[in-house]
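As structure tokens, the structure follows; a few thoughts come after it.
The values are calculated or read from the model by the stated rules, or taken from the named source; none is laboratory data. Just so you know, these numbers come straight off a predicted model, no measurement behind them. All Cβ positions, glycine included, derive from the backbone under ideal geometry; neighbour counts span all protein chains shown.
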Amino acid sequence: MYRKLIAPINIQWELTPDCNYKCIHCYNAWRKDNINILNTDINYMAITEEIIKCHILHVTLTGGEPMLVYQNVKPCINKLVDNGIEVSLNTNASLINESNSAELKQLGISSVLVSLTSGIEETCNSITQNKNAWEMTLRGIKALCSQNLKVSVNMVITSLNIKDIYKTASLLKDLPIETFAATKAATPYSYHDFDKYRINRKQLEYVFDELLRVNHDFGIKVSTLEFYPYCAFSNQQHFEKFGRRICSAGKTEIAISYDGKIKACPHSTHVYGHYLEGITKAWNKMDILRNESFIPEKCSKCKYVLQCEGGCKEEAYVASGTYTLPDPFAQFDQHIEFEAKSRHKTSQLSSYEISSHLNVREENETHSLIYVSAFDWILADKLLVNLLKEQTHLSESNLCKLYDISKEEASIILRKLLSKNIIKRGTKNEQSR
């Protein structure tokens, strides 16, 4: 069973369903051409206060296009940041300019993820159904980069733009982009003729190969933003770079939709509550997502079942009408052995510098959550938490003394802390304090 946290770590907050693009692949089931709620009375501050009350650590502002309601939510961003909550932004960047990008920086936005459908102008404008999309999005990306914000770019991949991955990355290679991602389009609930746009397993391998080529040729960090079943990977290199993920829906993350409804995943139509009833109440109802109830029978004997759980539950539901069948990208004839390789090796340093950006949330009497970012966090006992809070550096000898363990056992803990950016390598001459 997945260890239950007292609250989500991250909330995907869909500020509005409105968007100035009409992307063919948009997964939002509620998206209709006639939706317009810009002038309705949404109590953004009440949602903000509920988020703060529940000790959420990270909020991602999404939409629709969140910049359409930017003026309405500026006080909310300010209040979230003032309460120690990390805030990031997902946007198509079409409404970003020099003025509001500087303001986003000043407000404390930690990072921005920009959706760019293609580096080819005609394709980009066609997919978004906006004749100026390519020009506006690129202008917005450049404005964000000019403020030294952490900017990543994601392509949502369909049959319409799968050949554009390398070209799109080449357009960005001279900009200070943190990460370039290419992610297969999630199947929209509201689109019953999506087969002509959906990519298959072989095409997914092509996406991974293109991302590796981008990384090799341009030195850009690459990623894919969706979770795939382990058996969707055909080789070790793809898995090491783009696998080893778990689905965070209902485990570490929830979504609040534009109308205040609470879901486990932004892709889902299943509602667990409303912010007026409280985030905690909805979170408790999501226990079914944490107790292995939806593990497919066909996956039950797989050695990776507790990590993979049969892939994306929403993709399974769209394809079959049930959460208990595997993700359509699962391929059961795949018998690759995924070796447990550590990407972070300890060295002969006498000590490691402890991050100055740790945020600690108490989970129970014995354990707390140590948070650095939405992807970098661990649960730790109070002994380790107190040590990290009291010291500026950490060494093997600190851990050996704290737990009465061997150097080999202490090294395992150090590798885990390194992998989560809780500590970082210093110099050989640095000594623990």
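Could you tell me which residue of the stretch 351-366 is surrounded by the fewest Cβ atoms within 10 Å (Cβ to Cβ), considering only residues that are charged (D, E, K, R) and more than 24 Å from the chain's Cα centre (by Cα)?
Top of the filtered list is 365.
Determine if the stretch 197-216 includes at least one residue that is surrounded by 16 or more Cβ atoms within 10 Å (Cβ to Cβ), modelled with pLDDT of 95 or more, over 29 Å from residue 22 (Cβ atoms) and touching a strand residue (DSSP E or B) at 6+ places or on another chain (Cβ under 8 Å).
yes
Mind listing whichever residues of the stretch 220-264 are touching a strand residue (DSSP E or B) at 6+ places or on another chain (Cβ under 8 Å), within 30 Å of residue 167 (Cβ to Cβ) and without any contact (Cβ under 8 Å) to a residue 40 or more places away in the chain?
Of everything in the stretch 220-264, those that are touching a strand residue (DSSP E or B) at 6+ places or on another chain (Cβ under 8 Å), within 30 Å of residue 167 (Cβ to Cβ) and without any contact (Cβ under 8 Å) to a residue 40 or more places away in the chain turn out to be 241, 242.
Go through the stretch 245-275 residue by residue and tally those that are within 30 Å of residue 213 (Cβ to Cβ) and crowded, with 16+ Cβ neighbours inside 10 Å.
4
Looking at residue 65 and the list (1) touching a helix residue (DSSP H, G or I) at 6+ places or on another chain (Cβ under 9 Å); (2) at pLDDT 95 or above; (3) charged (D, E, K, R), which single condition is not satisfied?
(1)
Look through 386, 398 and report the one residue that is surrounded by fewer than 18 Cβ atoms within 10 Å (Cβ to Cβ) and either modelled with pLDDT under 95 or outside any loop (DSSP other than H, G, I, E, B) (or both).
Result of the check over 386, 398: 386.
Say whether the condition of being in a loop (DSSP other than H, G, I, E, B), surrounded by 15 or more Cβ atoms within 10 Å (Cβ to Cβ), more than 22 Å from the chain's Cα centre (by Cα) and modelled with pLDDT of 95 or more is met by at least one residue in the stretch 110-127.
yes
Taking the stretch 81-109, which residues are surrounded by 21 or more Cβ atoms within 10 Å (Cβ to Cβ), outside any loop (DSSP other than H, G, I, E, B) and more than 19 Å from the chain's Cα centre (by Cα)?
Hits for the stretch 81-109 are 101, 104.
Report every pair of residues separated by at least 6 positions or lying on different chains whose Cβ atoms are under 7 Å apart, first residue within the stretch 61-90 and closer than 10 Å to residue 16 by Cα and not assigned by TED's automatic domain parsing to the domain that holds residue 128, second modelled with pLDDT of 95 or more and assigned to a strand (DSSP E or B).
none
Between residues in the stretch 125-143 that are basic (Lys, Arg) and residues that are in a helix (DSSP H, G or I), which pairs lie under 9 Å by C-beta distance while being six or more apart or on different chains?
Cβ pairs passing all conditions: 131/125.
Looking only at helices (runs of 4 or more DSSP H) that fall completely inside the stretch 176-285, which ones have 1 or more residues that are out of contact with any helix residue (DSSP H, G or I) (no Cβ under 8 Å at 6 or more places or on another chain) and within 18 Å of residue 14 (Cα to Cα)?
Output list reads 279-285.
Let's see how each residue does on (1) within 26 Å of residue 233 (Cβ to Cβ); (2) over 22 Å from the mean Cα position of the chain (by Cα); (3) not assigned by TED's automatic domain parsing to the domain that holds residue 18:
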| site | (1), (2), (3) |
| --- | --- |
| 247 | yes, no, no |
| 250 | yes, no, no |
| 255 | no, no, no |
| 283 | no, no, no |
| 305 | yes, no, no |
| 308 | yes, no, no |
| 312 | yes, no, no |
| 325 | yes, yes, yes |
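Hey, can you tell me all the residues within the stretch 234-278 that are farther than 26 Å from residue 377 by Cα and at pLDDT below 90?
234, 235, 269
In the stretch 412-431, is there at least one residue being at pLDDT below 95, β-branched (Val, Ile, Thr), part of a loop (DSSP other than H, G, I, E, B) and within 29 Å of the chain's Cα centre (by Cα)?
No, because not a single residue in the stretch 412-431 is at pLDDT below 95, β-branched (Val, Ile, Thr), part of a loop (DSSP other than H, G, I, E, B) and within 29 Å of the chain's Cα centre (by Cα).
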